[in-house]
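K.L.:
One structure, as C-alpha cells, below. Some questions next.
The values are calculated or read from the model by the stated rules, or taken from the named source; none is laboratory data. What you see is a predicted model, and the numbers here were worked out from it, not measured in a lab. Here the Cβ positions follow ideal geometry from the backbone for every residue, glycine too, while neighbour counts run over all protein chains shown. Accessible surface areas use protein heavy atoms only, side chains included; no ligands, DNA or RNA. Shrake-Rupley method; radii C 1.70, N 1.55, O 1.52, S 1.80 Å.
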Amino acid sequence: MANGTIVKVSGPLVVAEGMSEANMYDVVKVSSHELIGEVIEMRGDKASIQVYEETSGLGPGEPVVTTGAPLSVELGPGLIESIYDGIQRPLDAIMEQVGTNLQRGVSVSSLNRNIKWHFDAVKDVGDSVSAGDIIGTVQETEVVVQKIMVPYGVSGEITDLATGEYTVDEVIGHVKSPDGVLHELKLMQKWPVRQGRPYQRKISPDMPMVTGQRVIDTLFPIARGGVAAVPGPFGSGKTVVQHQLAKWADADIIVYIGCGERGNEMTDVLNEFPELKDPKTGSSLMKRTVLIANTSDMPVAAREASIYTGITIAEYFRDMGYSVALMADSTSRWAEALREMSGRLEEMPGEEGYPAYLGSRLAQFYERAGRVVALGSDGREGALSVIGAVSPPGGDISEPVAQATLRIVKVFWGLDSSLAYKRHFPAINWLTSYSLYVDSMEKWFAQNVSPQWPECRTRLMRILQDEAELQEIVQLVGIDALSGDDRIKLEVARSVREDYLHQNAFHDIDTFSSMKKQFYMMKLILEYYDGAVEAFKHSGNLNSIINLEEREKIGRFKYLPEDTIDTEFKNITDSLDVAFANIAKKEEA
C-alpha cells in the first residue's frame, strides 16, 4: 500500500503527492474519513483522484492510501432485489447503519456476508473444468437461479466440492490447475468495472427483444443484444418508456441504473417495481431486478461509476446464459459528470465543454452490449441489451452527447414533446425514429410471426410518410382539394396513429401486445384500406366507406383478451367483406 498526501482539493477532484506506487484506476481511501476515490490521472508522483463521496472539509496534508486494486464489483448471490448506489454500496444496509441521511465514509459489504445460501453442486470431484464452467446453482429468488461459475483464469481438476449452506465468502471447493496450484472456489467473485467480462464470440443480432410496445416491435424493433437510444426533451416520457420496457421486455434480468436523475423518479421505481406483477412468473418484478440509484443530489463523480457498475453486473448474468436488459437513465447526466471532471483536470475542452474523449467513453459503454456465446464448455448463449436515455437540453439532439450516442447505437426512438402533450403514449415520433436491425430480423419475423409481416410493416410506414406529405397540402388548400383515394389514406393513417401506435400503459390488456395481436391489427387496418380503395373505385361513396361501423371494431381490437383474438379477427375480416360488398351493391342498384 502506498501512502500519499493531499495537496489540492477541487470539488470531487483531489490531487495527492507521494503516489508513485499507485496505478491508473486504482481505488484509494482519501483522508481519515476513508472516502472512496479512483485515480484518473498520474503525473510523476502526483495522482489526480476522483472522489465518489462529498469532499467538503478536506484539506491539504491529509493522508491518501491506495488499495492497489481497481474499482471492482462483487458478483454472487444477493444481487437480485438489491438497491445500490453508484459504487455498489447497498443503500438499505447503509440506512440500517447510519439512518436515512447518507453519510460519507460508510463502509458496507456489497453482498451480505451473513446470509447462508443453499448451493447445489452440479460437478463432481475429479471433473475437469475451465473458466466459465457452471459448477453449481443457488436459487436466489423464486424466479432467478444464479449459476456459480469457475472464475476467469482458473482451470484444472476439482479436488473438493460439496452441496451445502454457504455464505458468499466461504470456500465451497478447490480446483487444482495443471501446474499444481490450488485455487479456492467461492459463491462470490470480483470483477473490475472498467473491463468488459470475456466471452467466446459474439453472435449477429438477428432476433428481436420483444417489448409488447407496438410502435417499437413493429416499426423500430431492437435486437436481443442490441443498443438503443431514447432521446427527448423534459417531460416527453423517456423514463416512462424505460419503465414499460423494464416491465414487459423479453428479458430474464433487468438492471436499472438511475444515473443523475431526479430522486422522485427513482422513488417511483422503488415503489412501483415491488408491486408490479411480472407477466411471465406472476411474482414481483423486483424478483429479477437489480437497481442502481445515483440521483442528481448524490456526488457527481459516482455517476460514471454507476454506469460501469451496472453493466458489469449485467454482463455477469449474461455469462450465465440469461437475456439481460439494462436501462441507463440518463447518459447525459453521466456526460455532465465527465465534463465537470475534465474541467477540473484543466483538460482542453471539446465541443460545448465536453471532453474530447466523450465519444470513445460512450462507445466503451455501449460496445459491451451484445449476444454472445459465454465462456464454458456448454456453449450457452446470453444477451445483454442496452437502452440508454439521453436528455439533451431543450430537446436539441444536435448537441454532442446525443450525436455521439447516435453514431454508436443502431436504434433511435426519438421522443416528441408535442405527441407527449397530446397524451400520445409512447411519444415516439414515427417520422424521425429508425432501427438499423430491421433487415437482419426480417427472416425471424417471417418465420415466427407471419411471412406477410415485412410487407405489412413497410406498407404501414409508407402510409404514415404519405400522411405527412398530404397534411402539408391540406394546410395549404384544405381537405376538399384531395382526391378520394388520398382522403381514404388520411383516414387510415389516423387509424394507424390513434388505434395502432397509441397504447394505454395503464390498461390491463393494452399495456402489452403480443406479436400475433400486432400482426392481426396491422392486417385489419390494411384490409380495410385495400377494401376502401376498391369500393371507392366502384361506388364513389366516400362517406359510407369512412363511416363503416367495422372501423370501430378494428379500433377496439387492441383491448381484446389474447384468447379471443383469433375468432374476432375472422369475424371482423368477414364483416369487412360483407360491408364493402353491400356498398358496391347499393351503387349498382
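Matching residues to (1) among the acidic types (Asp, Glu); (2) within 25 Å of residue 103 (Cβ to Cβ):
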| position | (1), (2) |
| --- | --- |
| 12 | no, yes |
| 15 | no, yes |
| 19 | no, no |
| 35 | no, yes |
| 41 | yes, no |
| 62 | yes, yes |
| 68 | no, no |
| 80 | no, no |
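K.L.:
Of all the helices (runs of 4 or more DSSP H) wholly in region 481-581, which have at least 1 residues that are under 23 Å from residue 208 (Cα atoms) and in contact (Cβ under 8 Å) with a residue 24 or more places away in the chain?
P.N.:
515-539
K.L.:
Just give me the residues in region 174-205 being of a type in the set (Asp, Glu) and over 22 Å from residue 137 (Cα atoms), in sequence order.
P.N.:
Here is the first cut: in region 174-205, the ones of a type in the set (Asp, Glu) are 179, 184.
Passing the criteria: only 179.
K.L.:
Going by the structure shown, is residue 71 within 30 Å of residue 159 (Cβ to Cβ) and open to solvent by less than 70 Å² (accessible area, probe 1.4 Å)?
P.N.:
No.
K.L.:
Keeping to region 303-338, report how many residues are farther than 18 Å from residue 401 by Cβ and among the hydroxyl-bearing types (Ser, Thr, Tyr).
P.N.:
5
K.L.:
Name the single residue that is surrounded by the fewest Cβ atoms within 10 Å (Cβ to Cβ) among those in region 277-291 being outside any loop (DSSP other than H, G, I, E, B) and touching a residue at least 12 places away in the same chain (Cβ under 8 Å).
P.N.:
Of everything passing the filter in region 277-291, 287 is surrounded by the fewest Cβ atoms within 10 Å (Cβ to Cβ).
K.L.:
Among the residues of region 450-462, which ones are surrounded by fewer than 19 Cβ atoms within 10 Å (Cβ to Cβ) and touching a residue at least 40 places away in the same chain (Cβ under 8 Å)?
P.N.:
Within region 450-462, the first condition is being surrounded by fewer than 19 Cβ atoms within 10 Å (Cβ to Cβ), and the residues that meet it are 450-452, 454-455, 458-459, 461-462.
Those that are surrounded by fewer than 19 Cβ atoms within 10 Å (Cβ to Cβ) and touching a residue at least 40 places away in the same chain (Cβ under 8 Å): 450, 452, 459, 461.
K.L.:
Another question, then. Any idea which of 180, 126 is on the phi > 0 side of the Ramachandran plot, open to solvent by 30 Å² or more (accessible area, probe 1.4 Å), of a type outside the set (Asp, Glu) and touching a residue at least 24 places away in the same chain (Cβ under 8 Å)?
P.N.:
126
K.L.:
Working only within region 26-43, note down all residues that are of a type outside the set (Lys, Arg) and open to solvent by 70 Å² or more (accessible area, probe 1.4 Å).
P.N.:
As a first pass, look at region 26-43 and keep what is of a type outside the set (Lys, Arg): 26-28, 30-42.
Passing the criteria: 32, 33, 34.
K.L.:
Which residue out of 197, 224, 201 is under 22 Å from residue 407 (Cα atoms) and touching a strand residue (DSSP E or B) at 6+ places or on another chain (Cβ under 8 Å)? Explain how you work it out, then say what you get.
P.N.:
Numbers: 197 fails: under 22 Å from residue 407 (Cα atoms); 201 fails: under 22 Å from residue 407 (Cα atoms).
Only one candidate passes the filter, namely 224.
K.L.:
List the number of the failed condition for residue 414; all other conditions in (1) modelled with pLDDT of 95 or more; (2) crowded, with 22+ Cβ neighbours inside 10 Å hold.
P.N.:
(1)
K.L.:
Same structure, new question: What's the number of the condition residue 464 fails, among (1) under 18 Å from residue 521 (Cα atoms); (2) in contact with an Asp or Glu (Cβ under 9 Å, 6 or more places away or on another chain); (3) not aromatic (Phe, Trp, Tyr); (4) not in a loop (DSSP other than H, G, I, E, B)?
P.N.:
If we test residue 464 against (1) under 18 Å from residue 521 (Cα atoms); (2) in contact with an Asp or Glu (Cβ under 9 Å, 6 or more places away or on another chain); (3) not aromatic (Phe, Trp, Tyr); (4) not in a loop (DSSP other than H, G, I, E, B), just (2) comes out false.
For (1) open to solvent by 10 Å² or more (accessible area, probe 1.4 Å); (2) modelled with pLDDT of 95 or more; (3) under 14 Å from the mean Cα position of the chain (by Cα); (4) charged (D, E, K, R), each residue gets a yes or a no:
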{"position": "217", "(1), (2), (3), (4)": "no, yes, no, yes"}
{"position": "243", "(1), (2), (3), (4)": "yes, no, yes, no"}
{"position": "246", "(1), (2), (3), (4)": "no, no, yes, no"}
{"position": "249", "(1), (2), (3), (4)": "no, no, yes, no"}
{"position": "258", "(1), (2), (3), (4)": "no, no, yes, no"}
{"position": "263", "(1), (2), (3), (4)": "yes, no, no, no"}
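K.L.:
Out of the helices (runs of 4 or more DSSP H) lying entirely within region 292-379, which hold 3 or more residues that are in contact with a strand residue (DSSP E or B) (Cβ under 7 Å, 6 or more places away or on another chain)?
P.N.:
Values: elements: 302-319, 331-344, 358-366.
The qualifying helices (runs of 4 or more DSSP H) are 302-319, 331-344.
This table checks each residue for (1) at positive phi; (2) among the small types (Gly, Ala, Ser); (3) surrounded by fewer than 20 Cβ atoms within 10 Å (Cβ to Cβ); (4) modelled with pLDDT under 95.
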site: 357; (1), (2), (3), (4): no, no, yes, yes
site: 364; (1), (2), (3), (4): no, no, yes, yes
site: 383; (1), (2), (3), (4): no, yes, no, no
site: 426; (1), (2), (3), (4): no, no, no, yes
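K.L.:
OK, next. So residue 482 passes all but one of these: (1) within 22 Å of residue 419 (Cα to Cα); (2) among the hydrophobic types (A, V, I, L, M, F, W, C); (3) open to solvent by less than 40 Å² (accessible area, probe 1.4 Å). Which condition number does it fail?
P.N.:
Among (1) within 22 Å of residue 419 (Cα to Cα); (2) among the hydrophobic types (A, V, I, L, M, F, W, C); (3) open to solvent by less than 40 Å² (accessible area, probe 1.4 Å), the lone unmet condition for residue 482 is (1).
K.L.:
Let me ask something else. Go through region 52-80 and give me each residue that's farther than 24 Å from residue 290 by Cα, of a type in the set (A, V, I, L, M) and in contact with a Leu (Cβ under 9 Å, 6 or more places away or on another chain).
P.N.:
Of everything in region 52-80, just one residue is farther than 24 Å from residue 290 by Cα, of a type in the set (A, V, I, L, M) and in contact with a Leu (Cβ under 9 Å, 6 or more places away or on another chain), namely 58.
K.L.:
Looking only at region 133-152, how many residues end up being under 27 Å from residue 280 (Cβ atoms), assigned to a loop (DSSP other than H, G, I, E, B) and either hydroxyl-bearing (Ser, Thr, Tyr) or open to solvent by less than 10 Å² (accessible area, probe 1.4 Å) (or both)?
P.N.:
The qualifying residues number 2.
K.L.:
With under 24 Å from the mean Cα position of the chain (by Cα), surrounded by 15 or more Cβ atoms within 10 Å (Cβ to Cβ), among the polar types (S, T, N, Q) and over 22 Å from residue 261 (Cα atoms) as the only criterion, which of 110, 82 stands out? Let's see the steps before the verdict.
P.N.:
On the way: 82 fails: over 22 Å from residue 261 (Cα atoms).
So the residue among 110, 82 that is under 24 Å from the mean Cα position of the chain (by Cα), surrounded by 15 or more Cβ atoms within 10 Å (Cβ to Cβ), among the polar types (S, T, N, Q) and over 22 Å from residue 261 (Cα atoms) is 110.
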